Amino acid sequence: MKRFWTDEEVSIMRADYPNMKTAKIAAKLRRTERQVYNKALALGLKKSDEYLASPDACRLRRGDGAGEKTRFKKGLMPWNKGTNFVAGGRSAETRFKAGHKPLNTWRPIGSERTDRDGYVYRKVADTGVKKVDWVMVHVLLWEGRNGKVPRGHSVVFKDGNRENVRIENLECITRAELMRRNTVHRLPKEIAELCQLRGALNRQINRRVEK
């Protein structure tokens, strides 16, 4: 549980922090040193000059140059600046060459694969960019018949079977409609069927109105 600072603790902080070792104050208040430091910062408290000059003060805070001999000097030039690493031995024989295609992951154009959701993809390019090189087969089939999928639309399977890749089983719907359908699937079967029938009826009505 969070422990709030009491007025008595704040008074002790104001009286002791400037001239007492932080570890002693923490033990006195039964708090961590980090809590004491943070509270001192919030209260605007600082160690006094007398304390910083005393043996109890941190050597680095007293500014006595601790570690100065081992620090990097300004303008120091690294010994390896401007040099290139050259591997020895026969490493050059085993390096990947420019344009190398790993046999365990690379596939030629025309290859197909199925993802974990059951969608079949076909490789149509070899740019190295996955979303450019691989396209869903059912989308390719629909676009081959109807042209590019309009923005904000998706091509879906009418029967929900992603293995049934036939043009008769595909339809292009808006993403809003797709979202509604995905939500419907979470409803009881009877209600879901009614919602799907209503959606199909509305689509038929809209087509007749447009004509």
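Just so you know, all these numbers are worked out from the coordinates, no wet-lab data involved. None of the values given here were measured: they were computed from a predicted structure. Backbone-built Cβ (ideal geometry, glycine too); neighbour counts: all protein chains shown.
Which residue fluctuates most in the GNM of the chain (Cα springs below 10 Å): Pro102, Pro18, Pro78? It is Pro18.
Listed by chain and number, the lysines whose C-alpha is less than 21 Å from the C-alpha of Lys47, apart from same-chain residues fewer than 8 away, are Lys21, Lys24, Lys28, Lys39. Taking other Cβ atoms within 10 Å as a rough exposure proxy, Ile12, Ile191 sort from fewest to most as Ile191, Ile12.
Hey, what D do you get for the chain in µm²/s if you plug the Kirkwood alpha-carbon radius into Stokes-Einstein at 25 °C and 0.890 mPa s?
Details: Rh = 26.6 Å.
It comes out at roughly 92 µm²/s.
Sites listed here are trypsin sites (Lys or Arg not before Pro) in the range 83-122 whose DSSP assignment is loop and whose Cβ has at most 16 other Cβ atoms within 10 Å: Arg90, Arg95, Lys97, Arg116.
Taking the Cβ of each residue in Leu141, Leu76 as the centre, tally the other Cβ atoms inside 10 Å and list the residues starting with the fewest. Please list the in-between numbers first.
Working: Leu141 17, Leu76 8.
Ordered from fewest to most neighbouring Cβ atoms within 10 Å, Leu141, Leu76 come out as Leu76, Leu141.
When the Gaussian network model of the chain links Cα atoms closer than 10 Å, the mean-square fluctuations of Val156, Val36, Val86 top out at Val36. Considering only Met20, Met179, Met77, the mean-square fluctuation computed in a Gaussian network model of the chain, springs between alpha carbons under 10 angstrom, is largest for Met20.
Among 25-35, 145-155, sorting by the average number of other beta carbon atoms lying within 10 angstrom of each residue, highest first, gives 25-35, 145-155. Over the chain, calculate the relative contact order: mean separation of alpha carbon pairs under 8 Å at least 6 apart, over the residue count, as a percent. Computed over the chain, the figure is 8 percent.
Counting alpha carbon pairs within less than 8 Å and at least 6 residues apart, what relative contact order, in whole percent, applies to the range 7-60?
Values: 33 pairs, mean separation 20.8, N = 54.
39 percent.
Dipole check for the chain: with +1 at the C-beta of Lys and Arg, -1 at the C-beta of Asp and Glu, and the Cα centre as origin, the magnitude is about 400 Debye.
So for the range 112-210, if I pair up every lysine 8 or more residues apart or on another chain, how many of those pairs have alpha-carbons under 23 Å apart? Mind showing how you got there, number by number?
Numbers: Lys123/Lys131; Lys123/Lys148; Lys130/Lys148; Lys131/Lys148; Lys148/Lys158; Lys158/Lys189.
Going through the range 112-210 pair by pair, I get 6.
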